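One structure is given here, and the rest of the page talks about it.
Read-outs: derived from the displayed coordinates by stated rules, not from any lab. Source: prediction; values computed, not measured. All Cβ positions, glycine included, derive from the backbone under ideal geometry; neighbour counts span all protein chains shown.
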Amino acid sequence: MQVQRDEHGSAIAALHASTQLRTGALGGQRLEDPKAAMKTLSGAVEDGTLRVPRLFLLESLVKFARRHTGNLRDYDLEIEEVIEALVARASVPKAETEDEVAKVREALHSVGQRREDPTARPWQEFQKDAGDSLQLTKAEREKPICNDAGQIRKGSESAVAVTVEFYTDRTPGDLRHFCDPYRWHECSAYFRSMKRPRGQAAVDKTLPGVNGWRRDLIETVVVPQVKTLETTLRFTYSIDNEANPTWVHLDYVLPEKTADIVVDEGALDVRLVTSGPHLGRTRVSAKKAICFVDQVLQEWSTIACDTFWTEMVISTATGCPEDGGTPPIRQGN
């Protein structure tokens with residue numbers, strides 16, 4: 001299954017990457033061109049082997065439409081194949097398939113045409129027009145929005161600021177793994193492992209007075225065919241109640257810069273809402289600041305929202321798919 005996840009994660013990355021990255025600018029293998037990537041993904045949806053959430057694929061198509069508004073028609077055939085596969089997986093009756101595919105296609109072109117409109121809300125507009133055709137669930141319609149438009153100063157460095165916040169009907173206990181770095185690899189095309197570094201200098205201690213720990217771990221993130229990043233981060237994990245938590249929190253920082261990364265820090269939080277319009281639901285938030293050494297990666301300023309960060313929050317919102325082309329069925333749909 002991991003081999004398929006790698007393949008599909010690479011195809012998603014290919015939809016976002018620049019021509020420079022697709023031609024092996026970082027010394028890795030070449031990514032597929034977007035047309036080949038879409039064929040890979042549509043084939044996986046069609047045969048039931050898509051190992052990333054369909055919401056992650058749909059989000060990538062919406063972003064692709066926004067970025068290629070001037071030449072989106074050049075990809076009509078490949079986009080049509082992806083849409084047809086997704087509509088078929090949504091169990092739309094065959095007699096209605098053609099009409100529903102047309103609705104999704106037009107919704108995708110519509111968000112692309114509004115690229116220059118600062119008031120546009122691409123996902124909200126897409127799901128409004130295409131949601132019924134794809135039988136989007138409530139969790140999918142309320143998709144986590146990853147914002148990477150900001151910059152933040154960290155010492156002498158300018159880092160990309162990444163933020164995500166969304167609400168869900170799942171409990172903090174259901175979502176505790178979101179804040180547990182040891183579990184991130186279990187449903188990911190990008191996160192691989194967390195390992196303890198060797199040496200006495202590594203931090204590893206239980207926090208006094210709370211349920212939690214502070215620990216140095218080597219995080220391995222792979223953007224298939226682009227880059228493998230191994231980064232020692234200092235994580236601090238806390239939870240208010242192991243049996244039935246109302247909140248779980250994780251923050252992390254880069255103690256020393258690496259050959260690849262100058263800044264990498266942030267926080268993840270899962271918390272029961274006790275007042276306001278979302279009373280009784282769970283708020284999930286994630287913040288990250290990242291600055292790469294390699295100029296090619298730093299210029300791909302949306303890399304976190306295009307790949308591993310969005311994949312992680314979408315998996316949290318909709319679950320880990322056995323067949324990422326099939327609508328998820330769970331509480332809160």
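Couple of notes before you dig in:
- For the listed peptides 236-244, 217-225, a ranking on the average number of other beta carbons within 10 Å per residue, highest first, reads 217-225, 236-244.
- Bins of 20 Å from zero: percent of alpha-carbon pairs in region 2-318: 30, 58, 11, 0
- Net charge of Cβ neighbours under 10 Å - reference Arg51; Lys, Arg +1; Asp, Glu -1: -3
- Length added when fully stretched, Glu299-Ala202, from 0.36 nm per residue minus Cα-Cα: 31.7 nm
- Förster radius 51 Å - calculated FRET efficiency between Thr19 and Ala243 (Cβ-Cβ, nearest 0.05): 0.45
- Mean Cβ count within 10 Å, highest first, over the residues of peptides 176-182, 90-96: 176-182, 90-96
- Listed residues His185, Thr220, Thr171: farthest to the positive end of the dipole of region 152-262 (Cβ charges): Thr220
- Only the Cβ atoms of Lys and Arg (+1) and of Asp and Glu (-1) were treated as charged; on that basis the dipole of the chain about its Cα centre amounts to roughly 960 debye.
- Percent RCO, i.e. relative contact order, over the chain, from Cα pairs under 8 Å lying at least 6 residues apart: 23 percent
- Inter-part distance where region 35-107 and region 128-173 are each reduced to a Cα centre, Å: 21 Å
- The chain: angle of helix 94-113 to the longest principal axis, Cα-based, in degrees nearest 10: 60 degrees
- Given Lys143/Lys287; Lys257/Lys288; Lys103/Lys287, the pairs whose alpha carbons are separated by over 27 Å: Lys103/Lys287
- Sequence-separation-based contact order of region 234-328, relative, with Cα cut under 8 Å and 6+ spacing, percent: 18 percent
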